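Input: a single structure, listed below in structure tokens.
The values are calculated or read from the model by the stated rules, or taken from the named source; none is laboratory data. A quick note: this is a predicted structure, and the numbers were derived from the prediction, not measured. Every residue, glycine as well, gets a Cβ built from its backbone with ideal geometry; the counts of neighbours run over all protein chains shown.
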Amino acid sequence: MESSRLGADFIECIKLGILHSPSGRFLTAEVFNNEINVSGTALRRRQVWTVLTERGSPQTVFIQSHLGRFLSADKDGRVCGAATTPGADERFVLEFSPQATVVQKKQLRLLLFIVAYGGIHLRHQFRSRYFRMMPDGTELRADMPYPWGPETLLWIEQLPMAGSAGPGRPAIPTAGRNAVARLGRVALRCQNGQYLKPDGSFADTLDDSVLYALELRPGTPRTFAFRDTSGAYLTTVGPGTAKVKVNSTVPGKEELFLIERAVLQVGVLAHNNKYASVKQGTEISANQHELDETAIFQLEYLGGKGFNSSDAIAAAVSVHQNSSFDGECPNSGVSATNGMTPGIYCLVTGHWRLRSRSGKLWRMAPSFGVQNTASDG
């Protein structure tokens, strides 16, 4: 994802919260004077930080607050959050410190909490294949050229902070280094609710046996590595089975993964109340009464205006409540007809494309209607 304000040279890596231990509070960017402090008792908007990389220098990162300001450090090590543009003082290097020391000689522990979002797809960089849960539920395997179906969905989870010091306020965690490292680790949850263990098997509960240290590898593309508590990295073996190799203590091309947001998979309902499908060959026909594998398509956003759910809902409600309305939706500023036949409503939401399970894309053929024949590029 590119940062629109900074331009195409800056790429968003991840959004996260930074927890200080032993205070148990999050690093916070205040609106007043662009001050930063360790005062947040929960992960809210002011406690969310965005990690960005620059294409020309992927080894360093920039850390941006919700205000669009950047963390910076002067020659004396003083950190502030007022910089409006990224420069030399705003560059940071992400490193793992077993001693849990940051800036100061005494122990100052900072813990990263990933900002939660929906399901993801995990792609093995070297194999260029997506992971899926096998039908028998016995292994997670990287063998899909495209992510398809619920079996390819994964969730990244972290241990919850134990207890609560009040409504919405987390308890102060144990100050020990091991406790800090434990809370900062992540787990991979599959669609069936089970968690991936280092040996490739699965656990039903989120506990220490399914935790990994998540390491960001800035670059093009940006990749991630998962390291278990013994220091070995998650990789693939044999046909692409995900598991940790005991001797994989240095991440190579087989230990790097790409994390992608899951895209929408939809059914397309035609005017005859039947679903579009690809039954045979390449022709797309509206002939399905129920959704099956041939009638599910992947909806991929390419760019343009972008989808505004609030506008879309407002427009849909306005049109639905007044079927005789033909013109502009009063609350959304989105054309309801776009110059088309009255009664047909087309929301302006940017450019999208539809992909079938075979990996082919929808294409408007001059003489044959909609065909499932197009390829990427």
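For the reader, a short list of remarks on this structure follows.
- Residue, farthest from residue 19 (Cα to Cα), within region 35-72, restricted to residues that are of a type in the set (Gly, Ala, Ser) and in contact (Cβ under 8 Å) with a residue 24 or more places away in the chain: 56
- The set of residues in region 61-96 being at pLDDT below 85 and not charged (D, E, K, R) consists of 77, 93, 94, 96.
- Strands (runs of 3 or more DSSP E) completely within region 102-141 that count 1 or more residues being modelled with pLDDT of 95 or more: 120-124, 129-133
- Filtered by the rule that a residue be of a type in the set (Val, Ile, Thr) and either assigned to a loop (DSSP other than H, G, I, E, B) or over 26 Å from residue 137 (Cβ atoms) (or both), region 232-265 gives 246, 249, 250, 263.
- Checked against the criterion of being more than 28 Å from residue 155 (Cβ to Cβ), among the hydroxyl-bearing types (Ser, Thr, Tyr) and at pLDDT below 50, region 285-294 has no qualifying residue.
- Any hit, region 197-219, residues being closer than 30 Å to residue 9 by Cβ, in a loop (DSSP other than H, G, I, E, B) and at pLDDT below 95: yes
- In region 194-228, the qualifying residues are those that are buried (at least 16 other Cβ atoms within 10 Å of the Cβ) and among the polar types (S, T, N, Q), and the one that is farthest from the chain's Cα centre (by Cα) is 194.
- Lone qualifier among 317, 348, 370 - being modelled with pLDDT under 70, under 33 Å from the mean Cα position of the chain (by Cα) and surrounded by 14 or more Cβ atoms within 10 Å (Cβ to Cβ): 348
- Check on residue 258, touching a residue at least 12 places away in the same chain (Cβ under 8 Å), over 26 Å from residue 376 (Cα atoms) and surrounded by 13 or more Cβ atoms within 10 Å (Cβ to Cβ): no
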